[in-house]
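Input: a single structure, listed below in structure tokens.
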Amino acid sequence: MEPHGNRKEKQSEGHRRQKPGREAGCVLVGRASAAWDTRSRRRCALGLAGRVVGLKDRVMDRDRIESEIRESLATKQRFLEQSIPALETFFAKARACIDRGGKLLFCGNGGSSCDAAHAAGELVGWFLEKQRGPIPAIALGHEVPALTAIANDSGYEFVFSRHLEAVGRAGDLLVGISTSGGSKNVLRAIQRAGELGIESVAWTGELRGPCAEAADLWLPVPSTSTPRIQECHLLIVHLLCAHLEEPFGG
């Protein structure tokens with residue numbers, strides 16, 4: 001059995017052997033920081049500098065930035081040229097829904113879920129006209145306890161349709177948002193809306209998928225690029241809010 005002093009000496013040697021590992025991560029705590037010499041600091045600084053250079057090499061260059069912006073503008077130009085009739089029909093349906101005492105219901109996944117919440121938030125709160133009353137709107141699937149319970153007990157496919165059954169009524173208008181046009185839970189909500197006497201609109205990309213087939217109105221964005229489709233969906237959100245606020249404007 002080794003004397004206690006020898007064990008302490010070996011532990012100290014072990015700490016010294018581990019020091020390079022700590023230097024590599026540039027993290028030293030407590031007494032170990034006192035032993036961090038100039039050479040170690042230089043090695044760490046060089047390592048961090050190398051990482052910064054590597055990151056700089058991966059920054060999007062000017063040509064790529066310009067290309068992305070031009071693609072976005074081109075998509076919006078095609079949307080302007082092709083989508084005015086569908087937008088007018090959608091806005092008329094939304095106005096009629098509110099006028100008859102109904103509400104707008106939005107649903108989508110991921111970024112489309114954010115668009116749904118954005119739309120509902122602008123309508124219940126304010127968009128541009130600060131003197132108006134609230135416009136009834138709900139983003140389905142944003143109540144986390146209900147969302148997780150439904151997904152756990154029945155399946156993620158039902159997270160919107162079940163919420164729709166709870167709050168939707170005939171005379172409401174459902175907006176199903178899906179860049180692919182085939183999200184199963186959005187499709188299920190659109191189908192259930194038809195069974196409940198609720199009109200539905202599908203916001204998608206240019207591909208006519210199951211959501212478009214099931215909805216009463218299809219509002220496509222002329223693109224197959226998810227970012228470009230989402231950018232136009234955000235534009236629709238703002239156009240919708242501006243349209244519904246018109247009666248309240250000065």
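Computed quantities for the displayed model
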| read-out | value |
| --- | --- |
| Scope the range 87-105; condition more than 21 Å from residue 168 (Cβ to Cβ) and crowded, with 16+ Cβ neighbours inside 10 Å; matching residues | 87 |
| Breaking point among (1) under 24 Å from residue 208 (Cα atoms); (2) without any contact (Cβ under 8 Å) to a residue 60 or more places away in the chain; (3) part of a strand (DSSP E or B); (4) of a type in the set (A, V, I, L, M, F, W, C), for residue 106 | (2) |
| Given (1) free of Cβ contacts under 8 Å to residues at least 12 places away in the same chain; (2) in the same structural domain as residue 164 (by TED's automatic domain parsing); (3) not acidic (Asp, Glu), index of the condition residue 100 fails | (1) |
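The values are calculated or read from the model by the stated rules, or taken from the named source; none is laboratory data. Not measured: the values here are computed from a predicted model. Every residue, glycine as well, gets a Cβ built from its backbone with ideal geometry; the counts of neighbours run over all protein chains shown.
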